[in-house]
Amino acid sequence: MAGGSLLMLLDDISVILDDVSAMTKVAAKKTTGVLADDLALNAEQVSGVKANRELPVVWAVAKGSFVNKLIIVPAALLISAVYPPLVTFLLMCGGLYLAYEGAEKVIHRFWPHLLPHDEQQTARLQANAQNVDLVALEKQKIKGAVRTDFILSAEIIVIALGSAVASGATFMQKSLVLSVIAVAITVGIYGLVAGIVKIDDAGLHLMDKESDVQQKIGKVLFTAAPKLMKFLSIAGTLAMFLVGGGILVHGIGFLQDGVEDIADLTGIFESVTTTLLNGVIGFIIGAAVVAIFTIIGKIRGNNGKSSAH
């Protein structure tokens, strides 16, 4: 009897693990866009420090990321158990944030005159350029990267939770799925970030070798490093629109119906059309939010000047 009970227990555990594995794969697929964005932003955030401090900075941010997820995962599970509709609301907020951040990046890149000019910030940047405190700069980069990671990690975990809920997962299954996703994305993202920021150093190291083959590989790596960073920056921005727009479209009934109706007309290109429309809608909504915040900022600025007079 004891042997039979043990076999039944092992069979139950096997079934649970299979279900968790399948749910984790689905959740990971749905978070791919945000992961690309997370990778691009973190690689960009930790770049620019001294070469011998790049890996310590990446490690410091990775530790901060683990702490973030120790907070986010239990909070997400608690919200899901106490008031599930709040998960959808938070997901929509995350989608809106991604669309806003992406639109702000695009506008700042192509139409910077449309955004408010902060004279005090410019003065601080000029002062820092003349007298740079490397320790303070490093701490600032770590703090900024951990803050960005918290927002994107929350978005990833909420998306994964939404996927698990849609799959009819039990509380235990949801807990395991989120835990696996949290650990996997942290190790994966910061492992890749560490590799990316050291590509140029690896290239320089190989260029000093006597072998012609190693020297050529080194030149390719050294030349490719800045191009890869630029590509990741572009890919991350696009991911903001695609993921953020997709979340907003799915959460707003008439937008989802409209996108589906248009996509149906394109036949075999339906999925491509849906993705493109999600991206366009993400940019439009994000640009609208940027415009609102810009107007509010100008009104406050004018009120401040009036009060000073």
TODO: Quick one: accessible surface of Phe231, probe radius 1.4 Å, all protein chains present, in square angstrom to the nearest 10.
DONE: 130
Task: Lys pairs, the range 169-309 - Cα-Cα below 30 angstrom, 8 or more residues apart or on other chains - done: 12
Open item on the list: Explain nothing, just compute: Karplus ³J(HN,Hα) = 6.51 cos²θ - 1.76 cosθ + 1.60, θ = phi - 60°, for every residue of the range 140-145 in order, whole Hz, x for Gly and Pro.
Closed with: 5, 5, 5, 4, x, 5
Open item on the list: Through the Karplus equation 6.51 cos²θ - 1.76 cosθ + 1.60, θ set to phi - 60°, convert the phi angles of the range 201-207 into ³J(HN,Hα) values in whole Hz; use x for Gly and Pro.
Closed with: 5, 4, x, 4, 4, 5, 5
- [ ] Using the heavy atoms of the protein chains and a 1.4 angstrom probe, tell me the accessible area per residue for the range 162-226 in square angstrom.
- [x] 54
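Please report the net charge: other residues with Cβ closer than 12 Å to the Cβ of Val289, K and R +1, D and E -1. Mind showing how you got there, number by number?
Values: positive: none; negative: Glu101, Glu104.
Once all neighbours under 12 Å are counted, the net charge is -2.
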- [ ] Work out the FRET efficiency for Arg109 and Ile252 from their Cβ-Cβ distance, taking R0 = 25 Å, and round it to the nearest 0.05.
- [x] 0.35
Open item on the list: Among 221-228, 235-242, how do they line up by average Cβ neighbours within 10 Å per residue, starting with the highest?
Closed with: 235-242, 221-228
Task: Gap separating the Cα centres of the range 200-226 and the range 50-97, nearest whole Å - done: 36
Task: Cβ-Cβ FRET estimate between Ile268 and Ile151, R0 fixed at 30 Å, reported to 0.05 - done: 0.25
- [ ] Determine, from the Cβ-Cβ distance of Trp59 and Cys93 and an R0 of 35 Å, the FRET efficiency 1/(1 + (r/R0)^6), rounded to the nearest 0.05.
- [x] 0.70
Open item on the list: Residue by residue through the range 237-245, what is 3J(HN,Hα) from phi via Karplus (6.51 cos²θ - 1.76 cosθ + 1.60, θ = phi - 60°)? Round to whole Hz and write x for glycine and proline.
Closed with: 5, 4, 4, 4, 5, 5, 6, x, x
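The values are calculated or read from the model by the stated rules, or taken from the named source; none is laboratory data. Here the structure is a predicted model, which is why all the values come from computation and not from measurement. For neighbour counting, all protein chains shown are included, and Cβ atoms are generated from backbone atoms with ideal geometry for every residue, glycine included. Only protein heavy atoms, including side chains, enter the accessible area calculation; ligands, DNA and RNA are left aside. Shrake-Rupley method; radii C 1.70, N 1.55, O 1.52, S 1.80 Å.
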